[in-house]
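The values are calculated or read from the model by the stated rules, or taken from the named source; none is laboratory data. Worth saying up front: this structure is predicted, and the values here are computed from it rather than measured. Using ideal geometry, Cβ is built from the backbone for each residue, glycine included, and neighbour counts are taken over all protein chains shown. To get the accessible areas, we keep the full protein, side chains included, count just its heavy atoms, and leave off ligands, DNA and RNA. Shrake-Rupley method; radii C 1.70, N 1.55, O 1.52, S 1.80 Å.
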Amino acid sequence: MSGGARLSSFAPVATADARVLVLGSMPGEASLAATRYYAHPQNRFWPIMGALVGATPALPYEQRLQRLLDAGIALWDVLASCERVGSLDTAIRAPQANDFAGFFAAHPRVATVLFNGAQAETSFRRLVLPGLAAPLPMLRRLPSTSPANAGQRPEVKLAAWREALSDAGIALTPA
C-alpha cells in the first residue's frame, strides 16, 4: 500500500541566537501549497503567536516570521520528508527526520523545544532523540494548533502556549 506522494518540509526559520524551537511534525497540504508555515486558515498557530509576541495573522507572512525571530523563537518541523495522502499526521508513512544535530550545533542557545502536538513529539523522540548527544534542550509538548485538534478550546491552547513561552524566557505581549 502506497503512503502517497513523497513530500518535503521547509527549511528552518531561525536566527543564530534563537532560544526556543517550535516543532511541528510535517506541513499540511495548505502549508505545502502556500510554502508557508501554518497556512491553513483554521490553524490557531498565528492567532496564538499574535496574542503572545505580536505575530498576528493580519501581518504579512514575512513580518510574522520576523516577530518570531525577534522574540527568540525558531520554527521547523521534525520531518524532512514523508509519504502522506492528505494532511493528517496519522497518514504519515516512511518518515525521514531533519538534521537536528546540525541544527543544534548551529543554534547553541536553543534551550527549549516546544512540540506543536503529540505527533511532533512522538516523531522527535523516536527518530531524532536517540542520535542526539547530551546536553539536550528541555522538551515540552503543547496542544496542537491544528484544526484537527478542534476538541480543545482556543483559550486553553493559548494558556498552555503562554505558559510554555514564558517558562522559556520569551518576552510576551501583555495579556
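Screening 10, 45 for residues that are under 23 Å from residue 162 (Cβ atoms) and of a type outside the set (Lys, Arg) leaves exactly one candidate, 45. For the range 151-166, a residue qualifies if it is touching a residue at least 40 places away in the same chain (Cβ under 8 Å) and either surrounded by fewer than 19 Cβ atoms within 10 Å (Cβ to Cβ) or of a type outside the set (D, E, K, R) (or both), and the qualifying residues are 154, 158, 161, 162, 164, 165. When the residues of the range 133-149 are filtered to those that are aliphatic (A, V, I, L, M) and open to solvent by 30 Å² or more (accessible area, probe 1.4 Å), which remaining residue is nearest to residue 47 (Cα to Cα)? This residue is 148.
As for the range 49-59, it holds no residue that is closer than 23 Å to residue 125 by Cβ, in contact (Cβ under 8 Å) with a residue 40 or more places away in the chain and either touching a Gly at 6+ places or on another chain (Cβ under 9 Å) or not aliphatic (A, V, I, L, M) (or both). From the residues in the range 5-20 that are surrounded by fewer than 23 Cβ atoms within 10 Å (Cβ to Cβ) and in a strand (DSSP E or B), which one is farthest from the chain's Cα centre (by Cα)? Looking at residues that are surrounded by fewer than 23 Cβ atoms within 10 Å (Cβ to Cβ) and in a strand (DSSP E or B), I get 5.
Counting only residues that are within 17 Å of the chain's Cα centre (by Cα) and open to solvent by 50 Å² or more (accessible area, probe 1.4 Å), which one in the range 102-125 is nearest to residue 162 (Cα to Cα)? Don't jump to the end; show me each part of the working.
Our first condition is that a residue be within 17 Å of the chain's Cα centre (by Cα); within the range 102-125, this holds for 103-104, 107, 110-125.
Those still in the list that are open to solvent by 50 Å² or more (accessible area, probe 1.4 Å) too: 111, 119, 122, 125.
Working: 111: 17, 119: 21, 122: 22, 125: 24 Å.
Only one residue fits best here, namely 111.
Taking the listed residues 36, 93, the one that is loosely packed, with under 15 Cβ neighbours inside 10 Å and either touching a residue at least 60 places away in the same chain (Cβ under 8 Å) or over 26 Å from residue 167 (Cβ atoms) (or both) is 93, with no other qualifying.
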